[in-house]
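What follows is a single structure, written as structure tokens, with notes after it.
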Amino acid sequence: MLTSIKNNHLKYESQKLGMMYFRVAIILFGAQLLMGLIAAIQFMYPAFLYGVFDFSVARMVHINALVVWMLYAMIGSVYLMLPDETGIETVGIGLGKLAFWVLTAAVTVVVLVFIFIQIGPGKESSIWLINEGREYLEAPRWADIGIVVVVLIFYYNVFFTYMKGQRTGIMTVMVANLMALAGLYLAGMFFTDNISMDQYWWWWVIHLWVEATWEVFVGTLAAYALIKIIDAKREIVEMWLWIEVLMLFGSGILGLGHHYFWIGTPEYWWEIGALFSALEPVPLVAMFVHVLYDWGKEQGANGEKPVIKNGPAMAWLVTNAFGNFLGAGIWGFFHTLPQVNIYTHGTQFTAAHGHLAFFGAYATILIGMMYYGIQRAYGIERLKATFKSKMAITLIVFGMLGMTVALTIAGYEQVLVERAELGAGWDAYFVAQALPWMKQAMAWRTVMGVVMVVGFVYLIWDLVTIGPKEAKENNQ
Amino acid sequence: MAKSHSVWTSIRFWRQSAAWVTGFAVVLLILLTFDTMRQIKMGSKRVPAPTVINHHIDYKYSKKRGHEVPVIGKKELFFGKEWSPKEAAALLHKGKLTEQAKNCMDCHTLLGNGAYYAPDLTKAWLDPKWKDMQAMIGAKTREEAMAKFLQHPEMYPTHERRMPNLKITAEEAQALVAFLKHMSSIDTNGFPRGFSKTVSDFKAGGTYAH
Amino acid sequence: MFFEKFTDVYPSFWGWLNQGPLTLTLFLHTIIILPMIWLYFKEKKRLEQEDK
Ligand code: HEM
Ligand code: HEM
Ligand SMILES: [Fe+2]
């Protein structure tokens with residue numbers, strides 16, 4: 001079905017490869033949603049698939065599919081923008097294609113093992129072959145090594161293309177940031193008996209990805225997309241990009257401390273974590289302002305007709321600006337001070353933030369890039385949103401907001417009853433889980449998940465059909 | 001375009017600032033990491049050596065620190081024996097491996113990180129619930145109750161949401177209990193707060209735990 | 001109230017800075033930001049020279 005998306009108008013092999021990454025990404029996104037639904041249903045009906053496909057399995061596939069589809073879409077976006085920015089075909093593209101197939105084969109095997117073998121005995125071999133058992137990084141060690149090799153190939157492609165072609169500010173940030181992003185993965189690749197040490201380095205990967213390197217990546221993508229979609233001026237966009245890098249890394253790197261309050265690490269992290277991470281929303285506001293400012297400025301200036309060259313991509317980009325600020329900035333700030341976090345740490349509140357942040361900051365812009373890729377693939381001058389595009393974005397965003405509200409309410413209940421009132425023990429936990437309002441929240445979360453899935457059906461339907469449709473209309 | 005006079009719109013200024021701030025934040029993080037590594041290595045006061053399983057552990061309010069801290073007490077037998085440093089380390093190693101291989105963290109939280117489908121395990125060893133469970137399972141000691149439960153959680157439901165059978169062997173279960181007992185001795189700066197206590201206990205400065 | 005006795009488990013440079021009113025974080029933020037002022041004036045001078 002997805003092969004029906006044509007690449008006829010793409011001049012560069014690099015961009016065709018980018019489209020391949022997008023195809024896998026969107027399939028994995030679908031798998032992610034399905035697994036989320038299973039896990040959500042298990043919250044309501046614990047007997048559902050009990051002993052066959054337990055919550056831990058559904059959740060593991062849910063969050064791994066999440067990370068993997070986003071990495072795919074990120075790599076796809078880079079292959080798409082690389083020739084545009086450097087002006088040349090990507091260096092070593094043949095190797096890049098090989099890496100794509102190797103990676104996809106490896107991902108398939110890992111998913112099959114997760115689904116059918118699930119867990120192993122308490123031995124080193126399980127960590128190497130089946131399941132590493134560390135949230136988000138469950139992929140077994142052999143796959144870790146495979147991922148590192150594939151990423152090295154990818155980085156080789158990007159770096160040498162950058163060196164050989166034209167060097168823009170956007171690509172300079174991209175190349176430096178990708179190095180950090182890839183390098184951080186290594187921090188999650190060792191075993192230790194010491195659970196505090198384990199969590200210390202685990203957060204290097206998770207936090208320094210989502211709150212530093214991935215954010216800068218998104219800033220870079222947005223810079224590129226704004227130039228392409230609304231003809232934003234490069235000097236202005238690049239200036240903003242450097243400001244964003246300054247603020248994102250300035251707050252995000254030491255903001256890591258907000259995960260070191262309670263894992264056995266020293267008390268000084270309270271202050272470092274609190275105050276650096278409290279500044280993390282600032283660049284998110286800046287990014288938000290930047291997108292809207294460019295948008296307002298570029299259209300209608302000098303009385304020209306506003307031109308948005310890609311309606312759906314721009315809609316997702318604006319959603320990204322909002323969502324990043326709301327999910328990461330506001331929901332993150334809610335629980336980032338130790339005085340609050342001692343109660344909210346590891347509750348449904350965390351899940352509310354995790355959902356809105358991952359969705360708002362990353363899912364949105366990556367979907368936008370897919371629409372942009374399709375526009376290029378069909379050589380469409382101006383891609384307008386269809387009814388399906390509108391249904392997709394409306395339902396997915398509405399579902400996500402509804403889910404976040406439900407989880408926030410659930411988190412509030414859990415924090416007050418289980419944590420504050422009863423002190424976080426076993427009984428405290430189940431008393432809070434059994435509260436009617438908690439159960440209702442869990443039901444609403446599932447309902448909103450279904451809304452998202454319907455939106456997703458529209459999305460994939462739109463992605464497959466919008467290209468041919470618009471191409472035909474444009475040529476008439 | 002006319003040359004801009006303001007530093008605030010100079011790309012070079014922002015680029016240099018970004019490079020400086022990023023580089024320096026990284027250096028600070030590395031320095032802090034070295035200090036933290038020293039403080040949390042296995043066998044430190046924050047993360048006690050594996051032989052802590054040979055001791056009684058409690059979690060009490062400390063006036064000085066302003067929150068609860070683990071209190072490592074007198075020696076007590078663990079599964080009926082005292083474990084040598086070597087045996088204890090091997091047991092903990094197996095426990096941590098099992099925790100990962102069975103994917104505990106995609107239902108539970110450890111040190112507050114993980115999934116939210118089941119109770120936090122940071123101080124699970126100290127949970128007063130094991131008193132009831134001991135009776136229900138018919139076990140002589142807390143560790144025996146925990147080990148039996150872990151091998152057959154489906155047989156001892158406490159709630160509609162049951163833990164699945166993860167094919168945990170007797171050896172693995174013993175190792176997991178050691179892992180949990182060790183984790184409860186880690187100084188988590190007072191998380192979770194007021195663990196399993198009522199207000200009166202809290203004021204009296206004791207716990208339900210033992 | 002703002003200055004506290006050292007309470008952490010191990011003494012350390014960072015822990016020691018952590019005893020006053022936000023002294024640790026203020027210290028870190030300051031040493032990160034101060035050099036930007038120098039960068040600012042350096043850039044200003046350069047821009048002025050270019051104008052001439
Ligand atoms: C796009 C950016 C972000 C994403 C994708 C994100 C995602 C997440 C996720 C998934 C978790 C849960 C991790 C787990 O499973 O244990 C988490 C935890 C957390 N996040 Fe974020 N986050 C982002 C930005 C932020 C920001 C900007 C802040 C603060 C201002 C923040 C504050 C926190 C805190 C304090 C926790 C720990 C929660 C706890 O103690 O349970 N996050 N984040
Ligand atoms: C059909 C829609 C979805 C449903 C029903 C769903 C359901 C769930 C459930 C039940 C969990 C486990 C939470 C727990 O441990 O208590 C979870 C975790 C998670 N989901 Fe989803 N999800 C959906 C969509 C998404 C989307 C679109 C994203 C991001 C783009 C996402 C990101 C996450 C993350 C990051 C976690 C881990 C949170 C944490 O550890 O704090 N989910 N989801
Ligand atoms: Fe974080």
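The values are calculated or read from the model by the stated rules, or taken from the named source; none is laboratory data. Since we're looking at a predicted model, the values are computed, not measured. Because the Cβ atoms are built from the backbone with ideal geometry, glycine has one as well, and the counts that use them run over all protein chains shown.
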For A:Y224, state whether it is in a helix (DSSP H, G or I), among the hydroxyl-bearing types (S, T, Y), out of contact with any Gly (no Cβ under 7 Å at 6 or more places or on another chain) and farther than 19 Å from A:T364 by Cβ. no
Exercise. Would you check if there is a residue in segment A:192-213 being touching a residue at least 24 places away in the same chain (Cβ under 8 Å) and more than 16 Å from ligand 1 (Cβ to nearest atom)?
Key: no
B:F34: passes all of (1) more than 8 Å from every other protein chain (Cβ to nearest Cβ); (2) surrounded by 14 or more Cβ atoms within 10 Å (Cβ to Cβ); (3) under 21 Å from C:L24 (Cβ atoms); (4) of a type outside the set (D, E) but (2)
Practice prompt. Please indicate, with yes or no, whether at least one residue in segment A:109-119 is within 25 Å of A:G30 (Cβ to Cβ), in a helix (DSSP H, G or I) and without any contact (Cβ under 8 Å) to a residue 12 or more places away in the chain.
Written response: yes
Scanning segment A:212-240 residue by residue, those within 16 Å of ligand 2 (Cβ to nearest atom) and not aliphatic (A, V, I, L, M) turn out to be A:W214, A:E215, A:F217
Scanning segment A:234-249 residue by residue, those facing chain B (nearest Cβ under 9 Å) and over 21 Å from the mean Cα position of the chain (by Cα) turn out to be A:E235, A:I236, A:E238, A:M239, A:W240, A:W242, A:I243, A:L246
Going through (1) buried (at least 24 other Cβ atoms within 10 Å of the Cβ); (2) modelled with pLDDT under 95 one by one, A:I380 fails only at (1)
Subset of segment A:425-473, residues within 16 Å of ligand 1 (Cβ to nearest atom) and touching an Asp or Glu at 6+ places or on another chain (Cβ under 6 Å), comes to A:Y429, A:A432
Flagged in segment A:155-181 as in a helix (DSSP H, G or I), surrounded by fewer than 19 Cβ atoms within 10 Å (Cβ to Cβ) and of a type outside the set (G, A, S), in numbering order, are A:Y155, A:Y156, A:F159, A:F160, A:M163, A:K164, A:T172, A:V175, A:M179
Checked segment B:66-92 for anything assigned to a helix (DSSP H, G or I) and touching a residue at least 60 places away in the same chain (Cβ under 8 Å); matches are B:A88, B:L91, B:L92
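Listed residues A:F22, A:F55; which is closer than 30 Å to B:P157 by Cα, away from ligand 3 (no atom under 16 Å from the Cβ) and either more than 12 Å from every other protein chain (Cβ to nearest Cβ) or buried (at least 23 other Cβ atoms within 10 Å of the Cβ) (or both)?
Just a single option satisfies the conditions, and that option is A:F55.
Looking at B:D120, B:D127, B:D132 in this structure, which one is more than 17 Å from the chain's Cα centre (by Cα) and within 11 Å of chain A (Cβ to nearest Cβ)?
Among B:D120, B:D127, B:D132, only B:D132 is more than 17 Å from the chain's Cα centre (by Cα) and within 11 Å of chain A (Cβ to nearest Cβ).
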Within segment B:105-156, the residues that are free of Cβ contacts under 8 Å to residues at least 12 places away in the same chain, crowded, with 18+ Cβ neighbours inside 10 Å and not in a helix (DSSP H, G or I) are B:N113, B:G114, B:A115, B:Y116, B:P119
Margin query: Take A:L152 and tell me if it is of a type in the set (A, V, I, L, M), more than 10 Å from every other protein chain (Cβ to nearest Cβ) and outside any helix (DSSP H, G or I).
Written below: no
Residue hits (segment A:339-366; facing chain B (nearest Cβ under 9 Å) and of a type in the set (G, A, S)) are A:G346, A:A351
Checked A:V52, A:V57 against criteria (closer than 18 Å to A:L137 by Cβ and more than 11 Å from ligand 2 (Cβ to nearest atom)); the one match is A:V57
Q.
Among the residues of segment C:32-51, are any within 8 Å of chain A (Cβ to nearest Cβ) and either exposed (fewer than 15 other Cβ atoms within 10 Å of the Cβ) or at pLDDT 90 or above (or both)?
A. yes
Scanning segment A:245-267 for residues that are touching a residue at least 40 places away in the same chain (Cβ under 8 Å), within 14 Å of ligand 3 (Cβ to nearest atom) and outside any loop (DSSP other than H, G, I, E, B) gives A:G252, A:I253, A:G255, A:L256, A:H258, A:H259
In segment A:257-290, residues that are within 7 Å of chain B (Cβ to nearest Cβ) and closer than 24 Å to A:A222 by Cβ total 0
Conditions (1) within 16 Å of ligand 2 (Cβ to nearest atom); (2) surrounded by fewer than 21 Cβ atoms within 10 Å (Cβ to Cβ) -> A:W209 fails only (2)
On the basis of being among the acidic types (D, E), away from ligand 2 (no atom under 16 Å from the Cβ) and more than 10 Å from chain B (Cβ to nearest Cβ), does A:D193 make the cut?
no
Next item on the list: For segment B:3-15, state whether one or more residues are under 15 Å from A:L248 (Cα atoms) and of a type in the set (A, V, I, L, M).
Entry: no
Of the residues in segment A:29-47 that are surrounded by fewer than 17 Cβ atoms within 10 Å (Cβ to Cβ) and assigned to a loop (DSSP other than H, G, I, E, B), the one that is nearest to ligand 1 (Cβ to nearest atom) is A:Y45
Considering segment A:208-222, residues that are within 11 Å of another protein chain (Cβ to nearest Cβ) and within 11 Å of ligand 3 (Cβ to nearest atom), and then whichever is farthest from A:M174 (Cα to Cα), we arrive at A:L208
A:A313 vs (1) surrounded by 22 or more Cβ atoms within 10 Å (Cβ to Cβ); (2) more than 16 Å from ligand 3 (Cβ to nearest atom); (3) not assigned by TED's automatic domain parsing to the domain that holds A:M391: all pass except (3)
Of the residues in segment A:276-290 that are away from ligand 3 (no atom under 14 Å from the Cβ) and surrounded by fewer than 24 Cβ atoms within 10 Å (Cβ to Cβ), the one that is farthest from A:D198 (Cα to Cα) is A:V289
